[in-house]
1. Rank B:Lys172, B:Lys207 by accessible area, highest first, at a 1.4 Å probe radius?
2. List the residues, sorted by chain then number, that are 5 or more residues from A:Thr139 or on another chain and whose placed amide H is less than 5 Å from its amide H.
3. Which translational diffusion coefficient, to the nearest whole µm²/s, is obtained for the range A:220-368 from the Stokes-Einstein equation, given a Kirkwood hydrodynamic radius over C-alpha pairs, 10 °C and 1.306 mPa s?
4. So if R0 is 56 Å, what FRET efficiency would B:Ser373 and A:Ala170 give, r being the distance between their Cβ atoms, rounded to the nearest 0.05?
5. Could you go through the range B:176-185 in sequence order and give the Karplus-derived ³J(HN,Hα) for each residue, using 6.51 cos²θ - 1.76 cosθ + 1.60 with θ = phi - 60°, rounded to whole Hz, and x for Gly and Pro?
6. Let's see if you can work this out: charge +1 on each Lys and Arg Cβ, -1 on each Asp and Glu Cβ, no other charges. What is the dipole magnitude of the protein assembly as shown about its Cα centre, in debye to the nearest 20?
7. Can you pull the accessible area of B:Val227 for me, 1.4 Å probe, Å² to the nearest 10?
8. Could you check the simple spin-label distance between A:Ala117 and A:Ala31, using points 7 Å along Cα→Cβ, in nm with one decimal?
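The values are calculated or read from the model by the stated rules, or taken from the named source; none is laboratory data. Remember, predicted model here, so these are calculated numbers, not experimental data. Glycine gets a Cβ as well: all are built from the backbone with ideal geometry, and neighbour counts include every protein chain shown. For accessibility, only protein heavy atoms count, side chains too; no ligands or nucleic acids. Shrake-Rupley method; radii C 1.70, N 1.55, O 1.52, S 1.80 Å.
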Amino acid sequence: MFFALTDEQQAFAETVRDFVADRFDLDAVRAVVEDPDGDGHPLTLWKGLADQGALAVLVPEEHDGLGLGLLDAQVIARELGRAVAPGPWTTSVLAAEALRLAGSPAQQAAWLPGLAAGETVGTVALRGEAGSWDGRGITVDASGERLSGTASPVDYPAVAGLFVVAATDAEGAPGLYLVEAGAQGLAIRDQRTYDGTARVGAVELADTPAELLTGGTLSGGDAVAALMARGAVLTAADLVGGAREALTRTIDYDRDRKQFGVPVGSFQAIKHTMADLHVGVTMAEHAVLFAAHALDTDDPGADIAVAVAKAKAAEAAWNATGAMIQFFGGIGFTWEHEAHFFYKRARRRAPLFGSADEHRERLAVLTMD
Amino acid sequence: MDLSYTADEEQFRTELRDWLAANIPVEWAEAGFWRSLDDAESFRLRREWEASKTAAGFSGIQWPTEYGGRGGTPGMKAIYDEEMVRAHAPQTVNTLGLTFLAPTVMAIGTPEQKAEIIGPMLRNEVIWCQGFSEPGAGSDLAAVATRGVRDGDDYVVNGQKIWTTNAMHGDKIFTIVRTEQGSERHKGLSMMLIDMNQPGVEARPLKQMSGASEFGEVFFTDARVPVKDCLGEIGQGWRTAMLLLSFERGASGVGQYTEFRRQYDEIVEQMRRFGRSDDPVARQKLAHCLVELECLRYHAMHILTQVEQGRDLGSESSMTKLQWSETFQDLWEAFDDVLGPEASLERPRPDVDLAPFQAQAMWSRSVTIWGGSSQVQRNIVAERVLGLPR
Ligand SMILES: Cc1cc2nc3c(=O)[nH]c(=O)nc-3n(C[C@H](O)[C@H](O)[C@H](O)COP(=O)(O)OP(=O)(O)OC[C@H]3O[C@@H](n4cnc5c(N)ncnc54)[C@H](O)[C@@H]3O)c2cc1C
């Protein structure tokens, strides 16, 4: 039994952590947050991540990737969440996953090396307004290889060179399609989010030329579902990273902050909340590890594992980042303080690839119906 | 990550499974079976069955063979816990001895104590109780007042213990006694192994909220304890007690997960039977429990990994206790959310017996109290794991 990261995986995590801490601290995050008109995609960070292999992690070796698994990828996602780092890492890695899972060798050869090197930014557009995340929420229609409809919200559409769009064909069958930036009929509408560590927009398609991802291991609804599952796990990892950092910062502060002549962290109301949060975040960390491993190994329990991980991570992140504001007191409610970076990022990401409620309902379907 | 067990461990699983299949009567798996017996009969049956399991070599899985154990791995212990639940094996009757006392004796007992205590415990010839809590000393264990005074080769013990599990079945009780008169708190305590079958010891049952009397009170009135029956050094009872309690660490989450997950499935079955499985609120509540249950399973694998790597779990065991006990309690609260008013009825329909469910629901109130209450565990996590000031 070995339920843990290997020494290499831990070293990888430390490398990414040190790099981000060194090159992209909270002041740098703040600069991105306070420039909502900017593209939110700092190139220093992006190039550095590319140098670390962070964009190549899941790409097969024959396409200049590292050929590693989701377990390795979640290590990076967690560190980026911990650092509330801006940029299209998650969504670009998912675009590459779509190609790896559903693309033909030619499609993979055309796009994967560029995505692995960070030369191309990819993004995924998998559902539309008010739609669910289980494939039924697809709002783009495919007529042959031309797409029409609006997908939203999409991460970093403005900087993306490649879009992976979920669409349903005339028979109602879902599939994944490639759309290139600048394609005819493709428009991007900035949507602005309170989470200043991301840029989000709607992707509007009007008879836009596209290419069906086909000839890979998965196709149709299976490919969409597999991509959703990976999106859920990487998002959960980001949420867990942020939750852990928020909790650590809160504890550090409450150990020192004095009121009534004693550190506020000596009050049992705070202690017990912190203890419960610590247990919750730890369980979410375990759940993300297990879900990533389950997908990597095609475990028959992967469906349950993914739903558990996303539900638990979303809840832990809401709780820990909300508590950060509460247990810093007034300063935690200010713009100058970093608590809102963590809180807003958690709050925006919690529903992506299925909210906690949606994943619990998924568990209900899997075990009660 | 590698979530598999070794070939030897899987071989052990096969052997154990075969033995359990051949040695557990089918009716024992039926929901109402154990409740249909009276307490004494149930205890006798379990006591005998467990002794036969020991004779077959399936007890003391991780203990060294010199003590009658199997000399197995932590993985085998996890497999054992899991298979016992799967096979509907009866609950052990000597839990407190097996979990706490035996490993302590192996660690610090005299050769005579090792020889006298461990074998008879494994064969269930001697049932052990734990005498820690007193009316005035619960969470604050250092407040114990039961006193022992030296008289020749004996100590003479006076005082009272309470909430003693198996008080009415116990043969011996490992007891924290204040042996240094006038000492305070953690000082001047000793761990005594007291024979309950003597005139100076009286056990009285206490009726629990469930109606059962699994615990009781133990009164010592000039009870005699030979000096050789002190475990660890005289006056070092606190240290012995802490060592003893540390053996709860690593307690099998794998087995607990298996048990609670089965209970979850049984609740789902009732949910369907009563036409409640499409109620969105009930679905959410129960699914929330599944999330926590699955986390318990992952956590158990994490703990097993730590144990296999030879790491000291330290205060992390407080997290394990919080996770399993709070989840178990939530699950049995969800039972009522799921079934509504039917949840409180023993026989909502002529062919449906919910009494075993209600017994679990009531029992679930105790697990956040014994073995260190949830409040005490949160204090430990906050102070010793997170470093918050006392
Ligand atoms: C089913 C069952 C079986 C048991 N079996 C045994 C046994 O075999 N042997 C044995 O020795 N004991 C046994 N116990 C006793 C058990 O260990 C004690 O009940 C437990 O330690 C709590 O002590 P108490 O009952 O005196 O409660 P108290 O310590 O008086 O606690 C009352 C309440 O105050 C809270 N509290 C206490 N201290 C703090 C604090 N510092 N901060 C915040 N909250 C606090 C507690 O959490 C609890 O909610 C058993 C108990 C039960 C319910």
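1. B:Lys207, B:Lys172
2. A:Gly128
3. Working: Rh = 16.1 Å.
It diffuses with D of about 99 µm²/s by this estimate.
4. The calculated FRET efficiency here is 0.35.
5. 8, 10, 7, 9, 10, 5, x, 6, 10, 6
6. Taking the Cα centre of the protein assembly as shown as origin, the dipole is about 2020 debye.
7. Using a 1.4 Å probe on the heavy atoms, I get roughly 40 Å².
8. According to this spin-label approximation, the distance is 2.6 nm.
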